[in-house]
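Here is the structure we will look at, set down as structure tokens.
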Amino acid sequence: MYQFFVEDWQVADSSVTIGGSDVNHIRNVLRMKAGEKVRISTSSGKNYFCRLSEIGEAMVQADILEELSEGTELPNKIYLFQGLPKGDKMELIIQKMVELGVYEIVPVAMKRCVVKLDAKKAAAKTARWQGIAQAAAKQSRRAVVPRVQEVLGFQEALAYAEHMDVRLVPYEMEESLEGATGMAGTRQIINQIAPGQSIAVFIGPEGGFEADEIQAALDCGMKPVTLGRRILRTETAGMTVMAWMMYRLER
């Protein structure tokens, strides 16, 4: 069943009005007809089972058959702070993290990032990344489309995460830090996360974090964790943490 996203104001008592690019997609790409059923989600996370009733050139009307009570979102808002990777790896990261339940993705320019984006390129990339997030949200039947933020500097990212309840930084040299607790400590941190808490996860780019970035993160109160004895690629690390979170928090 196809899924579409609308704003709350597009929902009336018994119908939903779909506009914008989705109209062309429904009418000319999918070639859907009146009577076909779809799933519609709003920006506030409500979900509806609907039947298409009118397909026009500028809008599509759908009758609400049922408001779905069972949601698809995790009970926690998880923010991925991803060091900018090379090539098209960011597209893969966004797609898979959205499928796994991330709430927001924040691209971060770190010292070991090979990619350097000026303002114009960053805006174009962000728009493309947001489109990938929307497509992945539709495919995985998310109730919301995770936002892809503008690219932030490392210090800006730390400030943005400052008031989140749990802040984690997976670090391949975690055992070298004072007070390191290894995998046992990481399990304890994950198991102590309570439903409703906001979670920030910082992932380094290829080559990892610089030592002063780790120190800055620790000075801000972030908790270092380990992802095991193997060194994971940047595109694998975030997915690993997200899978752990999904296993721990999924209702």
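Derivation of every value follows stated rules applied to the coordinates shown; laboratory data play no part. Computed from a predicted structure; not experimentally measured. Every residue, glycine as well, gets a Cβ built from its backbone with ideal geometry; the counts of neighbours run over all protein chains shown.
Name the shape class, rounded, prolate or oblate, that the alpha-carbon gyration tensor gives for the range 148-234, where a ≥ b ≥ c are the square roots of its eigenvalues, rounded holds for a/c under 1.5, and otherwise prolate holds if a/b is larger than b/c and oblate otherwise. Judged from the Cα gyration tensor, the range 148-234 comes out oblate (a/c at least 1.5, b/c at or above a/b). Simple rule: put +1 on each Lys or Arg Cβ and -1 on each Asp or Glu Cβ in the chain, find the dipole, and look at 201, 53, 16; the Cα lying farthest toward the positive end is 53.
Over the range 29-76, the fraction of Cα-Cα pairs per 5 Å bin, rounded to whole percents and listed from the shortest bin up, is 5, 19, 26, 20, 14, 9, 4, 2.
Give the shape of the range 77-189 as rounded, prolate or oblate, defined through the alpha-carbon gyration tensor: a ≥ b ≥ c are the square roots of its eigenvalues, a/c under 1.5 means rounded, and otherwise the shape is prolate if a/b is larger than b/c and oblate if not. Oblate.
Highest mobility in the GNM of the chain, judged by mean-square fluctuation with C-alpha springs under 10 Å and restricted to 32, 183, 239, is found for 32. Sparsely packed loop sites in the range 1-104 (the chymotrypsin sites (Phe, Trp or Tyr not before Pro) outside DSSP H, G, I, E and B with at most 16 other Cβ atoms within 10 Å) comprise 2.
When the GluC sites (Glu not before Pro) in the range 110-179 are filtered for DSSP coil states and for at most 10 other beta-carbon atoms within 10 Å of their beta-carbon, the remaining sites are 178. Run the numbers on the range 71-180 and let me know its relative contact order in percent, using alpha-carbon pairs under 8 Å that are six or more apart. After rounding, I find 30 percent. Per-residue ellipticity at 222 nm, computed for the chain from helices alone with -39500 (n - 2.57) per DSSP H run of at least four residues, works out to -10000 deg cm²/dmol. When the trypsin sites (Lys or Arg not before Pro) in the range 1-90 are filtered for DSSP coil states and for at most 14 other beta-carbon atoms within 10 Å of their beta-carbon, the remaining sites are 31, 33, 86. Between the alpha-carbon centres of the range 166-215 and the range 30-100 there is a gap of 31 Å. Placing +1 on the Cβ of every Lys and Arg and -1 on the Cβ of every Asp and Glu, with no other charges, gives the chain a dipole of roughly 740 debye about its Cα centre. To the nearest 0.05, how large is the calculated FRET efficiency for residue 192 and residue 92 if R₀ is 35 Å and r is the Cβ-Cβ distance? E between residue 192 and residue 92, to the nearest 0.05, is 0.70.
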